[in-house]
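Asks: The structure is given below, and queries will be raised subsequently.
The values are calculated or read from the model by the stated rules, or taken from the named source; none is laboratory data. What you see is a predicted model; the values in this text were computed from it and never measured. FYI the Cβ positions are ideal-geometry reconstructions off the backbone, even for glycines, and counts take in every protein chain you see.
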Amino acid sequence: MDTRFLGIPELVDVPSVAVVVDVMRACTVAAWAFARGAEKIVLAESLDEALALKARHPDWVALKDGPSAPGFDLVNSPGLLRSVDLGGRTVVQKTTAGTVGALAVKEASLVLCAGFVVAEATARLLRTRGSAGVTFVVTGEDGQADEDLACAQYIARRATEAATDPAEFLRRAAESRAATELAEGVRQGVHPDDVALCLEVDRFPFAMVATSEGPLMVLRPHAVPSPADEDPV
C-alpha cells in the first residue's frame, strides 16, 4: 500500500482514498458520538452553516470547538460527550481541523475519519478494500501535529502489519503540543479525561465513512469484517 501523509494545505489533487486524522479531538469526538447513539454527523463548513442547519432542524445537535456558545448544544470534548444520550440523533460538527480536513477531500472515492479509538477498524477497512494508494490527511497544525501524524503512521502500518505495537505511536501523541495544551487547560471546552480518551486504542469496533449526501458531507459508522473473515494480508 502506497501512502502519503499530507497537511490540509498540501492537498493539491483529489486522492482516491483519504483517511482524515484528528486525534485531539474531532475524530475521537465523532466516534464517541456514534457510541452514544448518534445516527449520523453532518460536517459543517462554518459556524454559521452549523447554526443555520440547527435552525432548520431544531432536533439536531450542534457541536463546536472551544467554549460553549449560543445556539450550540455541545463542545468538542470526548470527556464531556461520553455521558450524553444521542440515541437516533443527528449531530452537526464544526471544528478547526478535523471537519476542514474531511471537507477538503470530499471528492475522494473513499473518505475515512479516524483516530486511535478506531484504528484497527480503519486499518481493517483499508485491507478489505484492497486500497493500493492512501492519502492520510494530518489535520492539525498544517500537517505538523505529531499526535495526528503518529496515529496516521500507526494506521498505515497496521493496515499491512496487523500486529504493530502502538506504544511508540501513543508516546509521541501523549507528548504532542495538543496533548500538553489540553492537559494544561490552554484550550477551552476541555474535560480532564480528554487526553486519555483520545489515546485509547481500538475503543470502538467501527470505522467512520464520510460521503456526500446532497449538499452535505455526512459521516456514519461503518461495520467492518472481523479478522477471521479477511483474506490474508
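Asks: Going through region 126-148 one residue at a time, which ones are more than 13 Å from V209 (Cα to Cα), crowded, with 22+ Cβ neighbours inside 10 Å and more than 13 Å from the chain's Cα centre (by Cα)?
Replies: Those that are more than 13 Å from V209 (Cα to Cα), crowded, with 22+ Cβ neighbours inside 10 Å and more than 13 Å from the chain's Cα centre (by Cα): V134, T135, A145.
Each row is one residue, and each column tells you yes or no for (1) modelled with pLDDT under 95; (2) of a type in the set (A, V, I, L, M).
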residue: R56; (1), (2): no, no
residue: A62; (1), (2): no, yes
residue: D65; (1), (2): yes, no
residue: T95; (1), (2): no, no
residue: A114; (1), (2): no, yes
residue: V117; (1), (2): no, yes
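Asks: I've got another one for you. Quick one: in region 110-125, of everything that is among the small types (G, A, S) and under 13 Å from the mean Cα position of the chain (by Cα), which residue is surrounded by the most Cβ atoms within 10 Å (Cβ to Cβ)?
Replies: Among those that are among the small types (G, A, S) and under 13 Å from the mean Cα position of the chain (by Cα), it is G115.
Asks: Now for a separate question. Take region 63-108 and flag every residue that is surrounded by fewer than 24 Cβ atoms within 10 Å (Cβ to Cβ), part of a strand (DSSP E or B) and of a type outside the set (V, I, T).
Replies: L74
Let's see how each residue does on (1) of a type in the set (D, E); (2) on the phi > 0 side of the Ramachandran plot; (3) outside any loop (DSSP other than H, G, I, E, B); (4) surrounded by fewer than 24 Cβ atoms within 10 Å (Cβ to Cβ):
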{"site": "F5", "(1), (2), (3), (4)": "no, no, yes, yes"}
{"site": "V12", "(1), (2), (3), (4)": "no, no, no, yes"}
{"site": "P15", "(1), (2), (3), (4)": "no, no, no, yes"}
{"site": "V19", "(1), (2), (3), (4)": "no, no, yes, no"}
{"site": "C27", "(1), (2), (3), (4)": "no, no, yes, no"}
{"site": "A33", "(1), (2), (3), (4)": "no, no, yes, no"}
{"site": "G37", "(1), (2), (3), (4)": "no, yes, no, yes"}
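Asks: Check A97, A119, A123, A114 and return the single one that is touching a helix residue (DSSP H, G or I) at 6+ places or on another chain (Cβ under 6 Å), small (G, A, S) and free of Cβ contacts under 8 Å to residues at least 40 places away in the same chain.
Replies: A123
Asks: Then there is this: Could you check, for region 199-213, whether at least one of its residues is more than 16 Å from the chain's Cα centre (by Cα), free of Cβ contacts under 8 Å to residues at least 24 places away in the same chain and under 24 Å from K94 (Cβ atoms)?
Replies: Scanning region 199-213 turns up at least one residue that is more than 16 Å from the chain's Cα centre (by Cα), free of Cβ contacts under 8 Å to residues at least 24 places away in the same chain and under 24 Å from K94 (Cβ atoms).
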